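The values are calculated or read from the model by the stated rules, or taken from the named source; none is laboratory data. Since the model is a prediction, treat every value here as computed from it, not as a measurement. Methodologically, a virtual Cβ is constructed for each residue, glycine included, from the backbone with ideal geometry; neighbour enumeration extends over all protein chains shown. Ligands, DNA and RNA are excluded from the accessible area calculation, which covers all protein heavy atoms including side chains. Shrake-Rupley method; radii C 1.70, N 1.55, O 1.52, S 1.80 Å.
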Amino acid sequence: MICVQKYGGSSLASPDLIKRVARQVISQKKRGKDMVVVVSAMKDTTDELLRLAYQVAKEPPRRETDMLLTVGERISMSLLSMAINSLGFEAISFTGSQCGIITDSRHTNARIKDVRPFRIEEELAKGKIVVVAGFQGVSEEKEVTTLGRGGSDTTAVALAYALRAKECEILTDVDGVFTADPRVVPQARRLPHLSYEEMLELASFGGKVLHPRSVELALKFRIPLAVRSSFSLRQGTLIKEMGKVEKICVRAVACRKGMAVLFLTLPKVKGKGISPIFRSLSDADVNIDLLSKGEGGGIALSLRREYLPSAERVLGELKRQGLLDNYSVLDGLASVSIIGSGIGENPGIATKLFSALEAEGIKVGFCSSSRLSITSLVVEGAAERATRILHRAFELDKAEG
Ligand code: ADP
Ligand code: ASP
Ligand code: MG
């Protein structure tokens, strides 16, 4: 029986912790499981590597950034493999490329196109424990790529699917998925289970405990995901198919800092509408989160701050071509979202969100809703407070009835 486990950076932060993970993996192996262990870079290694890149270049080329960042996961995979071997069990480590993670060629944010895990299968058949560097792959042009920050979770789910694993466990530094980030809301409660759709919404709106694309894959292939702590044996959270639940309730609050809004005005004459603008932004790999279009031709787009330089380059060019009249930027924002099945279709819940924030003097900006969430932008400095206010207003510290 194949079991895929993924250990995050804080679980591998020191040689002692790596030895601890080695013992945990061996204990599973002793129970007869074929172990595939996906690892992240040790603690803050990826941030440190990125800092180095920005010390030598103002805009590091994305290809070279990928060459640099993949080093982080190679360090932990080889150390974990050595630690397992030195405890008397055979292990072998592989990079993403060696174990057949084929991606598109969008450097620093590549998507997995195929997984050909032949080498993993061969080594498992020999009885070895296989350790895999998460967060990376190789494009069809044989270039090394990375999957976006937090992408090791996605490596784990993709491998679980390709290897038809019976278990896929994400081991992290908290006890599971909570009603809010427990570092922001001390009263946050662990959720024993969550539907794929709710988890996808939570991950997309800032609940960084899982990489959104790992949840997308788990949903697509119906792979149950167990999220639990690598530091304790406490029960975690199971992400799975929840059946048709009619009950509407808010299950979690998420917050995402580092947001900005672009206000665009389209030309009154000769304009070609918004489609050329979106096409150009998408060609420049700028991800737009929320959109609102007013009657007077004004458009507001929200996006993560890191996309601003590329977005402004594109908009400047469109303005020169006469496809855009003007644009302005509002930076220093955060989004706060409440998540739960059916809530976006319930006006009472949106009203409660706005009144809770406004009663505490937090101005509510740009809003959007979907079936599974309601999101509002607030000033960045109020993000944590807004999260705590909503957690309290929706009584998320109390057990669900
Ligand atoms: P890893 O290194 O194991 O991948 P991450 O730092 O990527 O771990 O994700 C775990 C972190 O996610 C937690 O330490 C926690 O602060 C944060 N987090 C944000 N929202 C939530 C949530 N709703 N439930 C649990 N953790 C959350
Ligand atoms: N090391 C990478 C990051 O810090 C990938 C991951 O941790 O999943 O984003
Ligand atoms: Mg992570």
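Okay, here's what the table says:
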{"quantity": "Stretch gain in nm, segment residue 44-residue 31, where the contour uses 0.36 nm per residue and the Cα spacing is subtracted", "calculated": "1.4 nm"}
{"quantity": "Largest to smallest accessible area among 205, 118, 94, 231 [probe 1.4 Å]", "calculated": "118, 231, 205, 94"}
{"quantity": "Residues of the chain: accessible area per residue with a 1.4 Å probe, Å²", "calculated": "47 Å²"}
{"quantity": "Carbon and sulfur %, accessible surface of the chain computed with the full protein complex present, 1.4 Å", "calculated": "52 percent"}
{"quantity": "0 to 90° range, to nearest 10: angle between helix 45-56 axis and the chain longest Cα axis", "calculated": "60 degrees"}
{"quantity": "Reachable aspartates and glutamates from residue 166, criterion Cα separation under 13 angstrom, eight or more residues apart if same chain", "calculated": "34"}
{"quantity": "Over the chain: helical MRE at 222 nm, DSSP H runs n ≥ 4 each giving -39500 (n - 2.57), nearest 500", "calculated": "-10500 deg cm²/dmol"}
{"quantity": "Descending semi-axes in Å of the stretch 110-164, equivalent ellipsoid built from Cα gyration tensor", "calculated": "20, 13, 10"}
{"quantity": "Using a Förster distance of 45 Å, the FRET efficiency for residue 193-residue 313 (Cβ separation, nearest 0.05)", "calculated": "0.55"}
{"quantity": "Label-point separation, residue 59 to residue 363 (7 Å along Cα→Cβ), nm", "calculated": "3.2 nm"}
{"quantity": "Sequence of 2, 18 when ordered by accessible area, the most exposed leading, probe 1.4 angstrom", "calculated": "2, 18"}
{"quantity": "Solution diffusion estimate, µm²/s, Stokes-Einstein, the stretch 67-189, Kirkwood Rh from C-alpha pairs, 37 °C, viscosity 0.692 mPa s", "calculated": "211 µm²/s"}
{"quantity": "Spherically averaged projected area of the stretch 253-346 from its Cα convex hull (nm²)", "calculated": "7.0 nm²"}
{"quantity": "Separation in nanometres of the label points that stand 7 Å from Cα toward Cβ, at residue 85 and residue 233", "calculated": "3.1 nm"}
{"quantity": "Accessible area (Å², 1.4 Å probe, nearest 10) - residue 153", "calculated": "10 Å²"}
{"quantity": "Stretch gain in nm, segment residue 354-residue 268, where the contour uses 0.36 nm per residue and the Cα spacing is subtracted", "calculated": "27.5 nm"}
{"quantity": "Nearest 10 degrees, 0 to 90: helix 152-162 Cα axis against the chain principal axis", "calculated": "60 degrees"}
{"quantity": "Exposure ranking of 143, 201 by accessible area [1.4 Å probe, largest first]", "calculated": "143, 201"}
{"quantity": "Filtered trypsin sites (Lys or Arg not before Pro), the stretch 188-260: DSSP coil and at most 11 other beta carbons within 10 Å", "calculated": "222, 234, 244, 247"}
{"quantity": "Greater than 24 Å apart at Cα, pairs in 43/240; 208/240; 30/220; 6/126; 6/113; 272/319", "calculated": "43/240; 30/220"}
{"quantity": "Principal axes of the chain: Cα extent on each, largest first, Å", "calculated": "71, 52, 37"}
{"quantity": "Nearest-ten-degree value, helix 15-30 long axis tilted from longest Cα axis of the chain", "calculated": "70 degrees"}
